[in-house]
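Q: To start, I am sharing the structure in question, which I have written as structure tokens.
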Amino acid sequence: MLEPCKAGFERKWRQMRIPRALPVIAVVGLLAACSAVPERQLQSKEVAATPEQKDKTPTAKPTPERAPFTIAFGGDVHFEGMLRPRLNNPRTALGPIASVLRKADLAMVNLETAITTGGTPAPGKQFTFRAPASALTALKAAGVDVASMANNHGMDYMETGLADSLAAIKRSKFPIVGIGANSTQAYKPFRKTVNGNRVAIIGATQVMDAEFITSWTATADKGGLASAKNETALLRAVRQARKSSDTVIVHLHWGTEMQKCPNQAQLALAPKLVAAGADVVVGGHAHILLGSGYLDDAYVSYGMGNFVFYNSNPATTGRTGVLTLTIKGRKILKDSWTPATIQGGIPIPMAGSARTQAVADWKALRSCTGLAARP
């Protein structure tokens, strides 16, 4: 805008034929006047801004307010033996317990099997479990949102089974924790925002046969499982998740088979996980139910027992259920137990006086855990 102003002044100057002594003073005035034009025009535009334009000024979005959410946990799941035919109809494979899982905002189980139809069974293992990829379809259809494969059967069909499992997980897009092509993937949490709560769930196993610890444990350059035996790696993952999460949950395969009370390894690890930032620690392996309750403000469940499993002694391994926690941020507001019995390999929810007694029995399991009924 300065150039047109100067050009107009110069034409007028030549027409006026003013003596040469005056131009220097005049030109200085011209430059001052012309230089001021853009600033005046800018000021004029600011004054002329409409209320509508002012209303369009971007403002920071408010942080969504957190509301309580629920998460339901079931125990160990495989589809061996009598359970395999149930995968012919994956939508009903878990039976009536699915209605309990679907009611929760999130639901999780331990998937205690390799997802493969090939591979070579782990040498020397008495029990090896595998299932086709339709197992993942069955979990999703039952309302399960995430499962852990960090357990002592997750690599029952060794490296080939691992590759098949990872490929099936990728194809299905079903969230699985505790397993991966390297340690970064294996310890990586499942993340989801629920009712404004940023939830992170990590899976790991404290149980592995001694001869498979090295070959089954994920490392920086080798696939495998997230191992809770590597406490440094697990605690690091928990601390990292804590930085960007409102609720941190650790799902573990731990305990001693058929032992009613938590073992020393469990009792030692739980406080370390809580100190690292875990709000909930839950898991299983013992094939029977163990106690649950509060460790300070955190919640710990030492044993979820069998869930969808062919071994079902009504008095012991056939007792099962769904643990539902109500959580807001780091606060565990409520725990609820839906008891069930395993019949034909699947959990059948209990009713009436049998249900009432089963809930009382479940609460009594806390007596040898050192956990509290309230925070």
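The values are calculated or read from the model by the stated rules, or taken from the named source; none is laboratory data. Remember, it's a predicted structure, so these values are computed and weren't measured experimentally. As a convention, Cβ positions derive from the backbone with ideal geometry for all residues, glycine included, and neighbour counts pool all protein chains shown.
Q: Looking at (1) outside any strand (DSSP E or B); (2) closer than 22 Å to LEU111 by Cα, which one does THR324 not meet, given that it meets all the others?
A: So THR324 meets the others, but not (1).
Q: Within 23 Å of GLY143 (Cα to Cα) and either surrounded by 21 or more Cβ atoms within 10 Å (Cβ to Cβ) or acidic (Asp, Glu) (or both): is that true of VAL281 in this structure?
A: Yes, satisfied.
Yes/no matrix, rows are residues, columns are (1) surrounded by 13 or more Cβ atoms within 10 Å (Cβ to Cβ); (2) in a loop (DSSP other than H, G, I, E, B); (3) modelled with pLDDT under 95:
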position	(1), (2), (3)
PRO62	no, yes, yes
LEU87	yes, no, no
ASN110	yes, no, no
GLY118	no, yes, yes
PRO123	no, yes, no
THR128	yes, yes, no
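Q: Sort out which residues of the stretch 337-375 are outside any helix (DSSP H, G or I) and over 18 Å from VAL77 (Cβ atoms), and write them in order of number.
A: TRP337, MET350, ALA351, THR369, GLY370, LEU371, ALA372, ALA373, ARG374, PRO375
Q: Could you please give the count of residues in the stretch 219-251 that are part of a strand (DSSP E or B) and touching a Ser or Thr at 6+ places or on another chain (Cβ under 7 Å)?
A: 5
Q: Separate question: Is the stretch 268-276 home to any residue that is outside any helix (DSSP H, G or I) and at pLDDT 95 or above?
A: no
Q: Given the criterion free of Cβ contacts under 8 Å to residues at least 60 places away in the same chain, in contact with a Phe, Trp or Tyr (Cβ under 9 Å, 6 or more places away or on another chain) and hydrophobic (A, V, I, L, M, F, W, C), identify the matching residue among VAL359, VAL308.
A: Exactly one residue qualifies, and that residue is VAL359.
Q: Take the conditions free of Cβ contacts under 8 Å to residues at least 24 places away in the same chain and under 30 Å from MET82 (Cβ atoms) and apply them to ALA315. Does it pass?
A: yes
Q: I'd like the residue in the stretch 195-223 that is polar (S, T, N, Q) and touching a His at 6+ places or on another chain (Cβ under 9 Å) and, out of all such residues, is surrounded by the most Cβ atoms within 10 Å (Cβ to Cβ).
A: Looking at residues that are polar (S, T, N, Q) and touching a His at 6+ places or on another chain (Cβ under 9 Å), I get THR205.
Q: Return yes or no: is VAL308 closer than 19 Å to CYS368 by Cβ, modelled with pLDDT of 95 or more, among the β-branched types (Val, Ile, Thr) and buried (at least 20 other Cβ atoms within 10 Å of the Cβ)?
A: So VAL308 does not fit the description; no.
Q: Looking at PRO339, PRO314, which is the one that is touching a strand residue (DSSP E or B) at 6+ places or on another chain (Cβ under 8 Å), crowded, with 16+ Cβ neighbours inside 10 Å and of a type outside the set (A, V, I, L, M, F, W, C)?
A: One residue alone meets the criteria, PRO339.
Q: Evaluate the stretch 142-161: report whether one residue or more is part of a helix (DSSP H, G or I) and either more than 20 Å from GLY119 (Cβ to Cβ) or within 16 Å of the chain's Cα centre (by Cα) (or both).
A: No, there is no match, as no residue in the stretch 142-161 is part of a helix (DSSP H, G or I) and either more than 20 Å from GLY119 (Cβ to Cβ) or within 16 Å of the chain's Cα centre (by Cα) (or both).
Q: MET350 versus (1) surrounded by fewer than 24 Cβ atoms within 10 Å (Cβ to Cβ); (2) within 23 Å of THR92 (Cβ to Cβ); (3) out of contact with any Pro (no Cβ under 6 Å at 6 or more places or on another chain): which is the lone unmet condition?
A: (3)
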